[in-house]
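A quick write-up on the structure given underneath.
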Amino acid sequence: MKKGKKLYEGKAKIIYATSDKSLVIQYFKDDATAFNNLKKSTIQGKGVLNNRISEHILTNLTQIGIKNHLVKRLNMREQIIKLVEIIPIEFIVRNVATGSLTKRLGIEEGTVLKHPLLEYCLKDDKLGDPLIAEEHILAFDWATKLELEKVKKMILRINDFMIGMFGAVGIKLIDFKLEFGKLKENGKTEVILADEISPDTCRLWDSITDKRLDKDRFRKDLGDLIPAYTEVAKRLGILHEHSNLSSVNVTKLRSIKKKK
Ligand code: TMP
Ligand code: ASP
(Lines give C-alpha, C1' and ligand atoms only; values in the text may rest on other atoms or scores of the structure.)
(Ligands and ions follow the chains in the order given, each with its own letter.)
Protein backbone atom coordinates (compact mmCIF):
# COMPACT_ATOMS: atom_id res chain seq x y z
CA MET A 1 0.00 0.00 0.00
CA LYS A 2 1.40 3.39 -1.02
CA LYS A 3 1.49 6.45 1.25
CA GLY A 4 -0.19 9.38 -0.50
CA LYS A 5 -0.54 13.07 0.21
CA LYS A 6 -1.14 14.72 3.54
CA LEU A 7 -4.90 15.03 4.11
CA TYR A 8 -4.98 16.68 7.52
CA GLU A 9 -2.56 17.83 10.19
CA GLY A 10 -3.75 18.09 13.77
CA LYS A 11 -1.87 19.08 16.90
CA ALA A 12 -0.42 15.64 17.62
CA LYS A 13 -1.07 13.60 14.47
CA ILE A 14 -1.00 13.75 10.67
CA ILE A 15 -3.32 11.84 8.36
CA TYR A 16 -2.05 10.69 4.95
CA ALA A 17 -4.02 9.20 2.06
CA THR A 18 -3.17 5.71 0.81
CA SER A 19 -3.72 3.92 -2.49
CA ASP A 20 -6.84 2.39 -0.86
CA LYS A 21 -9.57 5.04 -0.62
CA SER A 22 -11.10 3.51 2.49
CA LEU A 23 -7.82 3.53 4.46
CA VAL A 24 -5.50 6.29 5.68
CA ILE A 25 -2.22 6.43 7.57
CA GLN A 26 -2.17 8.05 11.01
CA TYR A 27 1.27 9.46 11.93
CA PHE A 28 2.02 10.27 15.60
CA LYS A 29 4.06 13.46 16.00
CA ASP A 30 6.23 14.43 18.98
CA ASP A 31 4.40 17.75 19.31
CA ALA A 32 2.70 18.43 22.60
CA THR A 33 0.10 21.13 23.10
CA ALA A 34 -2.10 22.12 26.00
CA PHE A 35 -4.85 24.62 26.75
CA ASN A 36 -6.03 24.55 23.14
CA ASN A 37 -2.68 25.20 21.57
CA LEU A 38 -1.65 28.05 23.90
CA LYS A 39 1.23 25.98 25.24
CA LYS A 40 3.39 24.10 22.72
CA SER A 41 6.52 21.98 22.71
CA THR A 42 8.14 19.01 21.05
CA ILE A 43 8.95 16.03 23.22
CA GLN A 44 11.20 13.54 21.46
CA GLY A 45 9.79 10.03 21.51
CA LYS A 46 6.25 10.90 22.63
CA GLY A 47 4.72 9.93 19.27
CA VAL A 48 6.41 6.53 19.31
CA LEU A 49 5.05 5.76 22.77
CA ASN A 50 1.53 6.97 21.97
CA ASN A 51 1.48 4.92 18.77
CA ARG A 52 2.34 1.76 20.72
CA ILE A 53 0.07 2.43 23.70
CA SER A 54 -2.91 3.39 21.52
CA GLU A 55 -2.40 0.29 19.34
CA HIS A 56 -2.38 -1.88 22.47
CA ILE A 57 -5.57 -0.39 23.90
CA LEU A 58 -7.52 -0.34 20.62
CA THR A 59 -6.50 -3.93 19.84
CA ASN A 60 -7.76 -5.01 23.26
CA LEU A 61 -11.00 -3.09 22.71
CA THR A 62 -11.50 -4.88 19.37
CA GLN A 63 -11.24 -8.14 21.28
CA ILE A 64 -14.14 -7.17 23.55
CA GLY A 65 -16.24 -6.15 20.55
CA ILE A 66 -15.69 -2.39 20.47
CA LYS A 67 -15.39 -1.54 16.78
CA ASN A 68 -12.67 1.00 16.06
CA HIS A 69 -10.68 2.47 13.20
CA LEU A 70 -7.39 0.63 13.81
CA VAL A 71 -6.37 -1.79 11.07
CA LYS A 72 -2.74 -2.31 12.07
CA ARG A 73 0.38 -0.57 13.25
CA LEU A 74 2.80 -0.03 10.38
CA ASN A 75 5.96 1.09 12.16
CA MET A 76 7.22 3.13 15.13
CA ARG A 77 5.08 6.15 14.30
CA GLU A 78 2.34 5.06 11.92
CA GLN A 79 -0.86 3.06 11.87
CA ILE A 80 -3.20 2.13 9.05
CA ILE A 81 -6.69 3.17 10.04
CA LYS A 82 -10.12 3.15 8.42
CA LEU A 83 -11.16 6.50 7.00
CA VAL A 84 -14.07 7.86 9.02
CA GLU A 85 -15.85 11.18 9.24
CA ILE A 86 -14.99 12.35 12.74
CA ILE A 87 -17.95 13.50 14.83
CA PRO A 88 -16.81 16.97 16.04
CA ILE A 89 -17.33 16.12 19.71
CA GLU A 90 -14.84 15.26 22.44
CA PHE A 91 -16.48 12.71 24.71
CA ILE A 92 -14.92 13.18 28.15
CA VAL A 93 -15.32 10.40 30.71
CA ARG A 94 -14.51 11.08 34.35
CA ASN A 95 -14.11 8.68 37.26
CA VAL A 96 -12.30 11.05 39.63
CA ALA A 97 -12.61 14.85 39.70
CA THR A 98 -9.64 16.84 38.44
CA GLY A 99 -8.74 19.23 35.63
CA SER A 100 -11.43 21.45 34.18
CA LEU A 101 -14.18 19.81 36.27
CA THR A 102 -12.63 21.00 39.53
CA LYS A 103 -12.09 24.51 38.11
CA ARG A 104 -15.54 24.82 36.55
CA LEU A 105 -17.64 23.48 39.43
CA GLY A 106 -15.36 23.84 42.45
CA ILE A 107 -15.42 20.08 43.09
CA GLU A 108 -12.49 19.03 45.26
CA GLU A 109 -9.53 17.55 43.36
CA GLY A 110 -9.44 13.76 43.73
CA THR A 111 -13.14 13.33 44.61
CA VAL A 112 -14.14 9.82 43.50
CA LEU A 113 -17.34 10.12 41.45
CA LYS A 114 -20.23 7.80 42.34
CA HIS A 115 -20.81 7.02 38.68
CA PRO A 116 -18.74 7.74 35.58
CA LEU A 117 -19.52 11.27 34.43
CA LEU A 118 -19.83 11.85 30.68
CA GLU A 119 -19.29 15.34 29.29
CA TYR A 120 -19.43 16.60 25.72
CA CYS A 121 -17.18 19.32 24.26
CA LEU A 122 -17.37 20.74 20.77
CA LYS A 123 -14.08 20.07 18.94
CA ASP A 124 -13.20 23.63 18.00
CA ASP A 125 -9.90 25.10 19.16
CA LYS A 126 -10.89 28.65 18.17
CA LEU A 127 -13.86 28.46 20.51
CA GLY A 128 -11.78 26.70 23.20
CA ASP A 129 -13.59 23.33 22.87
CA PRO A 130 -16.70 24.56 24.74
CA LEU A 131 -18.75 22.24 26.94
CA ILE A 132 -22.07 21.41 25.26
CA ALA A 133 -25.21 19.47 26.16
CA GLU A 134 -26.57 16.34 24.49
CA GLU A 135 -29.31 18.58 23.04
CA HIS A 136 -26.72 20.57 21.06
CA ILE A 137 -25.46 17.36 19.42
CA LEU A 138 -28.99 16.53 18.30
CA ALA A 139 -29.99 20.11 17.43
CA PHE A 140 -27.03 20.55 15.09
CA ASP A 141 -27.15 17.00 13.67
CA TRP A 142 -23.63 16.12 14.86
CA ALA A 143 -25.07 12.67 15.64
CA THR A 144 -28.53 11.11 15.69
CA LYS A 145 -30.30 10.01 18.88
CA LEU A 146 -29.66 6.37 17.98
CA GLU A 147 -25.97 6.99 17.24
CA LEU A 148 -25.60 8.84 20.53
CA GLU A 149 -27.25 6.00 22.49
CA LYS A 150 -24.85 3.51 20.87
CA VAL A 151 -21.85 5.73 21.57
CA LYS A 152 -22.85 6.06 25.23
CA LYS A 153 -23.12 2.28 25.61
CA MET A 154 -19.69 1.86 23.99
CA ILE A 155 -18.20 4.52 26.26
CA LEU A 156 -19.37 2.79 29.44
CA ARG A 157 -17.92 -0.54 28.27
CA ILE A 158 -14.65 1.13 27.25
CA ASN A 159 -14.45 2.81 30.66
CA ASP A 160 -15.14 -0.47 32.53
CA PHE A 161 -12.55 -2.30 30.44
CA MET A 162 -9.90 0.38 30.78
CA ILE A 163 -10.40 0.78 34.55
CA GLY A 164 -9.72 -2.98 34.84
CA MET A 165 -6.81 -2.99 32.39
CA PHE A 166 -5.01 -0.11 34.10
CA GLY A 167 -6.07 -1.20 37.59
CA ALA A 168 -4.36 -4.56 37.05
CA VAL A 169 -1.04 -2.79 36.53
CA GLY A 170 -1.33 -0.36 39.43
CA ILE A 171 -2.73 2.64 37.53
CA LYS A 172 -5.93 4.58 38.28
CA LEU A 173 -7.90 5.74 35.24
CA ILE A 174 -8.94 9.22 36.39
CA ASP A 175 -10.49 10.54 33.18
CA PHE A 176 -10.07 10.37 29.41
CA LYS A 177 -11.25 11.70 26.08
CA LEU A 178 -12.71 9.66 23.22
CA GLU A 179 -13.60 10.51 19.64
CA PHE A 180 -15.93 8.64 17.35
CA GLY A 181 -16.30 8.65 13.57
CA LYS A 182 -18.85 7.66 10.98
CA LEU A 183 -17.69 4.73 8.86
CA LYS A 184 -19.34 4.24 5.49
CA GLU A 185 -19.08 0.58 4.46
CA ASN A 186 -21.25 -1.50 2.11
CA GLY A 187 -23.79 1.30 1.75
CA LYS A 188 -24.27 1.54 5.53
CA THR A 189 -23.05 4.13 8.04
CA GLU A 190 -21.83 2.98 11.42
CA VAL A 191 -20.33 4.94 14.30
CA ILE A 192 -17.01 3.49 15.50
CA LEU A 193 -14.30 4.52 17.97
CA ALA A 194 -11.55 6.61 16.34
CA ASP A 195 -8.53 8.86 17.10
CA GLU A 196 -6.18 7.58 19.84
CA ILE A 197 -6.21 6.46 23.46
CA SER A 198 -2.91 7.26 25.13
CA PRO A 199 -1.41 9.17 28.07
CA ASP A 200 -2.02 12.28 25.92
CA THR A 201 -5.77 11.70 26.11
CA CYS A 202 -6.14 10.05 29.54
CA ARG A 203 -5.29 11.02 33.07
CA LEU A 204 -3.43 8.14 34.67
CA TRP A 205 -2.28 8.17 38.30
CA ASP A 206 -0.13 5.58 40.03
CA SER A 207 -2.50 3.64 42.30
CA ILE A 208 -0.30 3.97 45.37
CA THR A 209 1.52 7.28 45.04
CA ASP A 210 -0.91 9.23 42.77
CA LYS A 211 2.11 10.08 40.61
CA ARG A 212 0.91 11.60 37.34
CA LEU A 213 1.74 9.31 34.39
CA ASP A 214 0.07 11.40 31.66
CA LYS A 215 0.11 14.70 29.76
CA ASP A 216 -0.46 16.65 32.99
CA ARG A 217 3.35 16.31 33.33
CA PHE A 218 3.53 18.70 30.37
CA ARG A 219 0.45 20.81 31.19
CA LYS A 220 1.69 21.46 34.73
CA ASP A 221 5.44 21.56 33.96
CA LEU A 222 6.12 18.49 36.11
CA GLY A 223 8.84 17.25 33.71
CA ASP A 224 9.83 13.65 32.95
CA LEU A 225 7.01 13.01 30.50
CA ILE A 226 8.86 10.34 28.52
CA PRO A 227 9.79 8.29 31.62
CA ALA A 228 6.12 8.45 32.72
CA TYR A 229 4.74 7.32 29.34
CA THR A 230 7.45 4.62 29.19
CA GLU A 231 6.34 3.44 32.64
CA VAL A 232 2.75 3.11 31.37
CA ALA A 233 3.93 1.14 28.32
CA LYS A 234 6.10 -1.15 30.44
CA ARG A 235 3.33 -1.85 32.94
CA LEU A 236 0.96 -2.69 30.08
CA GLY A 237 3.56 -5.19 28.86
CA ILE A 238 4.18 -3.35 25.60
CA LEU A 239 7.82 -2.60 26.32
CA HIS A 240 10.10 -5.05 28.03
CA GLU A 241 11.30 -4.26 31.51
CA HIS A 242 14.77 -3.31 30.27
CA SER A 243 13.88 -1.50 27.09
CA ASN A 244 14.05 2.25 27.32
CA LEU A 245 12.46 4.30 24.60
CA SER A 246 14.13 7.42 25.85
CA SER A 247 14.59 10.27 23.43
CA VAL A 248 18.19 9.19 22.84
CA ASN A 249 17.20 5.68 21.87
CA VAL A 250 14.37 6.87 19.67
CA THR A 251 16.76 9.15 17.80
CA LYS A 252 19.19 6.24 17.48
CA LEU A 253 16.48 3.96 16.11
CA ARG A 254 15.46 6.61 13.62
CA SER A 255 18.98 6.99 12.27
CA ILE A 256 19.48 3.20 12.12
CA LYS A 257 16.27 2.98 10.07
CA LYS A 258 17.42 5.73 7.74
CA LYS A 259 20.81 4.05 7.14
CA LYS A 260 19.04 0.81 6.13
P1 TMP B 1 -10.04 18.42 31.20
O2 TMP B 1 -10.10 18.14 32.66
O3 TMP B 1 -8.93 19.36 30.80
O4 TMP B 1 -11.37 18.82 30.64
O5 TMP B 1 -9.66 17.04 30.47
C6 TMP B 1 -10.41 15.87 30.67
C7 TMP B 1 -9.72 14.70 29.98
O8 TMP B 1 -9.77 14.82 28.57
C9 TMP B 1 -8.24 14.55 30.30
O10 TMP B 1 -7.95 13.16 30.38
C11 TMP B 1 -7.52 15.14 29.13
C12 TMP B 1 -8.46 14.85 28.00
N13 TMP B 1 -8.46 15.91 26.99
C14 TMP B 1 -7.97 15.65 25.72
O15 TMP B 1 -7.53 14.54 25.42
N16 TMP B 1 -8.02 16.63 24.80
C17 TMP B 1 -8.52 17.87 25.06
O18 TMP B 1 -8.54 18.73 24.17
C19 TMP B 1 -9.02 18.12 26.38
C20 TMP B 1 -9.58 19.47 26.74
C21 TMP B 1 -8.97 17.12 27.31
N1 ASP C 1 -5.39 18.83 23.43
C2 ASP C 1 -5.70 20.14 23.87
C3 ASP C 1 -4.67 21.10 23.34
O4 ASP C 1 -3.87 21.13 22.91
C5 ASP C 1 -5.92 20.32 25.31
C6 ASP C 1 -5.20 19.47 26.30
O7 ASP C 1 -4.92 18.31 26.07
O8 ASP C 1 -4.94 20.01 27.40
O9 ASP C 1 -4.39 22.08 23.27
Rounded to 0.05, the calculated FRET efficiency for the beta carbons of Ile15 and His136 at R₀ = 25 Å is 0.45
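How do the peptides 29-41, 151-163 rank, highest first, by the average count of neighbouring beta carbon atoms within 10 Å per residue?
151-163, 29-41
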Any idea of the accessible area per residue across the chain, 1.4 Å probe, to the nearest Å²? 52
So, over other residues within a Cβ distance under 11 Å of Ser19, counting Lys, Arg +1 and Asp, Glu -1, the net charge is +2
Please name which of Thr102, Thr201, Ile43 has its Cα lying farthest along the dipole of the chain towards the positive end, using unit charges on Cβ (Lys, Arg +1; Asp, Glu -1) and the Cα centre as origin. Ile43
Would you be so kind as to identify which of Ala32, Ala168, Thr189 lies farthest towards the positive end of the dipole of the chain, taking Lys and Arg as +1 and Asp and Glu as -1 on Cβ and the Cα centre as origin? Ala32
Tell me, what is the percent relative contact order of the chain, built from C-alpha pairs under 8 Å that lie six or more residues apart? 17
By per-residue mean of other Cβ atoms within 10 Å, what is the highest-first order of 174-184, 82-92, 55-65? 174-184, 82-92, 55-65
Membrane-span-like helices in the chain: DSSP H runs reaching 20 Å or more (Cα, own axis), mean Kyte hydropathy at least -1.0? 46-63, 145-167
Go through 9-20, 116-127, 98-109, 195-206 and give me the packing order, highest mean Cβ count within 10 Å leading. 195-206, 9-20, 116-127, 98-109
Surrounding net charge for Ser54, when Lys and Arg each add one and Asp and Glu each subtract one, Cβ distance under 14 Å: +2
Tally Lys and Arg at +1 and Asp and Glu at -1 over the other residues with C-beta under 14 Å from the C-beta of Asn68: what net charge comes out? +1
Three-way shape label, the stretch 37-91, alpha-carbon gyration tensor, a/c 1.5: oblate
What part of the accessible area of the chain, given as a whole %, is carbon or sulfur when the probe is 1.4 angstrom? 55
Using 1/(1 + (r/R0)^6) with R0 = 41 angstrom and r between the beta carbons of Gln44 and Leu23, what's the FRET efficiency to the nearest 0.05? 0.90
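The values are calculated or read from the model by the stated rules, or taken from the named source; none is laboratory data. Computed from a predicted model, the values in this text were never measured in an experiment. Please note: Cβ atoms are built from the backbone with ideal geometry, for glycine as well, and neighbour counts cover all protein chains shown. Accessible surface areas use protein heavy atoms only, side chains included; no ligands, DNA or RNA. Shrake-Rupley method; radii C 1.70, N 1.55, O 1.52, S 1.80 Å.
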